[in-house]
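Below: the structure, in structure tokens.
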Amino acid sequence: MPVSESQPRVSVIVLTLNEELTLPFCLASVRNLLAEVFVVDSGSNDRTVEIATAAAACVVTHPFANYAAQRNWAQENLPLRGEWILQLDADERLLPELVDEINARLAGDCPADAFLINRRTIFRGRWMRHGAHYPVEHLRLYRKGKGWCERRLYDQHFLTSGPTARLQHDFEDHVGTDLKEWTTRHARWAELEAAEACGERGTEGTTVTPNAFGDTRERRRWQRDRVYARAPLFIRAFAYWFYRYVLRCGFLDGTEGLIFHFLQGFWFRFLVDANIHERRRGVRTA
């Protein structure tokens, strides 16, 4: 059961859909956080809800439109008692050192309204430390009323209207344990990104500002929107993979790195371009 107070400091929000294999580890990782936990489920037909209930999380069911809509709906409609909000996916876990750091930083007066946290991608049990995939900062912890998820179909980041600080310790994102599910999700995301790139379904509201000299989120958005997006279709997928796997030493991540950097750094980007090409030729209209 998560550590709690009469007035918890943090409200943890976890999005789920058939996450019985990953959710137990996610919930266990926040057990010592001074927090309440909400699981927002979008229609699981496995043991996800049972697992969340057994862990003393508050389970709420809400139809899923997209990640941004689900996250923003959750923080706007759930009875959150914490002063702070922590947004997680079911396959993400806080390191014990990060839990201790959050408890300590929020114990007294905190001048920041949000915190950037580094993410470790764990692919099939191995940490992807190379290939420009670490360190990567994400804004996931913010004061209630001071943060929201940008309204994009894919690659959404959280934004804040207040001052931001950094936490020293990391959280983990465990991916690729089921390659069939992993590739199925990426195929779906490729269609969403292509639709957005072709202007069929654009972004709404404030988004991360591209900045070559900003934090990790802003630099990566600059690289994506100002450099990668202007490169020729298909060629850019090859170039991006070469940059990650060769120039940024992704090959040092071993066999798991070979699979990960090829699938996520080349195959997925190539599939996005194939969907864009399909749309531009008028092969499909939706």
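Here are a few things to note about the model shown:
Quick grid of which residues meet (1) open to solvent by 40 Å² or more (accessible area, probe 1.4 Å); (2) within 15 Å of residue 217 (Cα to Cα):
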position: 134; (1), (2): yes, yes
position: 138; (1), (2): no, yes
position: 144; (1), (2): yes, no
position: 177; (1), (2): yes, no
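- Qualifying residues in the stretch 74-91 (those that are in contact (Cβ under 8 Å) with a residue 24 or more places away in the chain and out of contact with any Lys or Arg (no Cβ under 8 Å at 6 or more places or on another chain)) - the one most open to solvent (accessible area, probe 1.4 Å): 81
- Scope the stretch 163-175; condition of a type outside the set (A, V, I, L, M, F, W, C) and surrounded by fewer than 18 Cβ atoms within 10 Å (Cβ to Cβ); matching residues: 163, 164, 166, 168, 169
- Filtering 231, 237 for residues that are surrounded by fewer than 16 Cβ atoms within 10 Å (Cβ to Cβ) and in contact with a helix residue (DSSP H, G or I) (Cβ under 8 Å, 6 or more places away or on another chain) leaves a single hit, 231.
- Residue check for residue 156: among the polar types (S, T, N, Q) and surrounded by 18 or more Cβ atoms within 10 Å (Cβ to Cβ): yes
- Residue 188 passes every criterion in (1) surrounded by fewer than 16 Cβ atoms within 10 Å (Cβ to Cβ); (2) touching a helix residue (DSSP H, G or I) at 6+ places or on another chain (Cβ under 7 Å) apart from (2).
- Failed item in (1) under 14 Å from residue 10 (Cα atoms); (2) at pLDDT below 95; (3) among the polar types (S, T, N, Q), with residue 87 passing the rest: (2)
- Matching residues, the stretch 125-183, being within 18 Å of residue 68 (Cβ to Cβ) and touching a Gly at 6+ places or on another chain (Cβ under 6 Å): 146, 151, 158, 160
- Scanning the stretch 45-68 for residues that are at pLDDT 95 or above and surrounded by 21 or more Cβ atoms within 10 Å (Cβ to Cβ), we see that the one that is nearest to residue 80 (Cα to Cα) is 57.
- Filter result for residue 21 (assigned to a loop (DSSP other than H, G, I, E, B), hydrophobic (A, V, I, L, M, F, W, C) and open to solvent by 50 Å² or more (accessible area, probe 1.4 Å)): yes
- Among the residues making up the stretch 249-281, those that are out of contact with any helix residue (DSSP H, G or I) (no Cβ under 9 Å at 6 or more places or on another chain) and either within 16 Å of residue 154 (Cβ to Cβ) or open to solvent by 80 Å² or more (accessible area, probe 1.4 Å) (or both) are 252, 255, 280, 281.
The values are calculated or read from the model by the stated rules, or taken from the named source; none is laboratory data. What you see is a predicted model, and the numbers here were worked out from it, not measured in a lab. Backbone-built Cβ (ideal geometry, glycine too); neighbour counts: all protein chains shown. Ligands, DNA and RNA are stripped out before the accessible areas are found, and what is left, the full protein with its side chains, is counted by its heavy atoms. Shrake-Rupley method; radii C 1.70, N 1.55, O 1.52, S 1.80 Å.
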